[in-house]
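This report concerns only the one structure given below.
The values are calculated or read from the model by the stated rules, or taken from the named source; none is laboratory data. On a predicted model such as this, the values are computed, not experimentally measured, just so you know. So basically every Cβ, Gly included, is an ideal-geometry build from the backbone, and we count neighbours across all protein chains shown. We work out accessible area using only protein heavy atoms, side chains counted, and drop any ligands, DNA or RNA first. Shrake-Rupley method; radii C 1.70, N 1.55, O 1.52, S 1.80 Å.
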There are 2 protein chains.
Amino acid sequence: MRYEFYYWPEIQGRGEFVRLALEEAGADYIYVARRKGGMDKMMRFLESARVQTPPFAPPFLKAGKLIVGQTANILLFLGQKHGLAPKSEQGRLWTHQLQLTLADLVVEVHDTHHPVGVGLYYEDQKDEAARRTGEFLKERAPKFIGYVETVLKRNKTGWLVGRSLTYPDLSVFQVVSGLRYAFPKAMRKLAKDHPRVVELHDKVVARPRIAAYVASKRRIPHSTDGIFRHYPELEEA
Amino acid sequence: MRYEFYYWPEIQGRGEFVRLALEEAGADYIYVARRKGGMDKMMRFLESARVQTPPFAPPFLKAGKLIVGQTANILLFLGQKHGLAPKSEQGRLWTHQLQLTLADLVVEVHDTHHPVGVGLYYEDQKDEAARRTGEFLKERAPKFIGYVETVLKRNKTGWLVGRSLTYPDLSVFQVVSGLRYAFPKAMRKLAKDHPRVVELHDKVVARPRIAAYVASKRRIPHSTDGIFRHYPELEEA
């Protein structure tokens, strides 16, 4: 079955966490909004009054008649379908718990450049963004990245869960990639203190399908329109 | 089996979403940190180096040897065990998707009083909190509550999913209860425009077990230490 992947066409954003799972799985999918007329198709769907289970926002995935929204929920679905999560109840819940913790980190990353309001421009909240970024880099990023390091240390296999790759491993790659782009100086220091997290990033990007994807034009570059944004003034503040 | 529920002892917070499910299910559980020595027990567990699957933060639930963290993940677990979610894959995913969307709303509610930093006091970010609250009440709260209204309108049964109560219904009750406490004026207006959401709140609180729980001393009152905080100056700004 060919999946239809729905997300904004110009940014990695939350959609990228889903794409990495689709790519690692070698799944057949189309990125609807990057096709001709696809953006209109997505907006018509979001606004349609006939959808019984409407997504609140992109990303969402269509798998035949099934519509799955919310990043972590899509990964829960794909994890089971494509062997990117354990089969046991305990393993599935632990994998999902890790993903939800990474999702909390992603929210806090977004808040570094949009502390005062989702709907306002960064330029209208630069001072507040500098304050929030300061706290994020000093307190929150080390706490989250330190947590991932702890989980890797206790599991002892180089992966977050069990003995092979699961979907939150892919998300750790994306988080490290994004943080390196947004806060290069802070991440150099964080990387030194958290070698297992960096090793995991490197193992993920060495996977043949992920390596091919990341090297391709299909991977949208990081930018200051995404979740991870590089505003040098924030890191300096 | 008796569950052990772990959360901070003095606030509703995220733990309340879990408690409501435990209460509706009539589950046997203890609220560890509200017992003598329980807070120490929770902190020792969080800091123990021997836990293979450590939670990032409370709330978490112990079910025998199983440890489940992250609010929405605990509800995913309880939903299956106690008939608070459909059995079909499609139904389970849709229910979880709704819960994750409500979790996004809860994050934004928290940000109204803590826009600049999780670790700072409200008093050190009052001006920013007023700006963020303004945007939240004007744009975000109506968008989220409007979404819940739409889902209820399309499902036509008075419940979010199918023909009976599921765990996100309990969370809608908590969100309405919290928003009414935090922003009473704004919620009076929102309630008028979203009658199905208010009806759902009323249906949930009329459930015998929920009614008994809410009337009991076991329900911790709303306060300005929780997620939903009543600072009159924010609503006036």
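Checking each residue in segment A:102-157 for being under 22 Å from B:ALA129 (Cα atoms) and either of a type in the set (S, T, N, Q) or not assigned by TED's automatic domain parsing to the domain that holds A:ALA191 (or both) picks out A:THR112, A:GLN125, A:THR133.
Considering every residue within segment B:135-155, establish whether at least one is within 25 Å of A:LEU120 (Cα to Cα), outside any loop (DSSP other than H, G, I, E, B), of a type in the set (Asp, Glu) and more than 16 Å from the chain's Cα centre (by Cα).
For segment B:135-155, residues within 25 Å of A:LEU120 (Cα to Cα), outside any loop (DSSP other than H, G, I, E, B), of a type in the set (Asp, Glu) and more than 16 Å from the chain's Cα centre (by Cα): present.
One line per residue, one yes/no per condition, for (1) open to solvent by 60 Å² or more (accessible area, probe 1.4 Å); (2) among the charged types (D, E, K, R); (3) not in a loop (DSSP other than H, G, I, E, B):
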site: A:ARG196; (1), (2), (3): yes, yes, yes
site: A:GLU199; (1), (2), (3): yes, yes, yes
site: A:LYS203; (1), (2), (3): yes, yes, yes
site: A:ALA211; (1), (2), (3): no, no, yes
site: A:LYS217; (1), (2), (3): yes, yes, no
site: A:PRO221; (1), (2), (3): yes, no, no
site: A:GLY226; (1), (2), (3): no, no, no
site: A:ARG229; (1), (2), (3): no, yes, no
site: A:GLU235; (1), (2), (3): no, yes, yes
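Looking only at residues of segment A:22-44 that are under 18 Å from A:GLY64 (Cα atoms) and in contact with a His (Cβ under 9 Å, 6 or more places away or on another chain), we find that the one that is surrounded by the most Cβ atoms within 10 Å (Cβ to Cβ) is A:LEU22. The set of residues in segment B:133-154 being open to solvent by less than 30 Å² (accessible area, probe 1.4 Å) and not aliphatic (A, V, I, L, M) consists of B:THR133, B:GLU135, B:PHE136, B:PHE144, B:GLY146, B:TYR147, B:GLU149.
On inspection, A:LEU165 does not qualify as on the phi < 0 side of the Ramachandran plot and part of a helix (DSSP H, G or I). Got at least one residue in segment A:49-56 being closer than 18 Å to A:GLN174 by Cβ and not acidic (Asp, Glu)? No, that holds for no residue. Yes or no: segment B:68-80 includes at least one residue that is surrounded by fewer than 23 Cβ atoms within 10 Å (Cβ to Cβ), among the aliphatic types (A, V, I, L, M) and at pLDDT 95 or above. Looking for residues that are surrounded by fewer than 23 Cβ atoms within 10 Å (Cβ to Cβ), among the aliphatic types (A, V, I, L, M) and at pLDDT 95 or above, one finds none in segment B:68-80, hence no. If the condition is being at the interface with chain A (Cβ under 8 Å from one of its Cβ atoms) and buried (at least 20 other Cβ atoms within 10 Å of the Cβ), then segment B:86-105 contributes B:LEU93, B:TRP94, B:HIS96, B:GLN97, B:LEU100, B:THR101.
Being of a type outside the set (Lys, Arg), at positive phi and open to solvent by 20 Å² or more (accessible area, probe 1.4 Å), is that true of even one residue in segment A:45-64? Yes, segment A:45-64 has at least one match.
The set of residues from segment B:132-157 being acidic (Asp, Glu) and facing chain A (nearest Cβ under 8 Å) comprises B:GLU135, B:GLU139.
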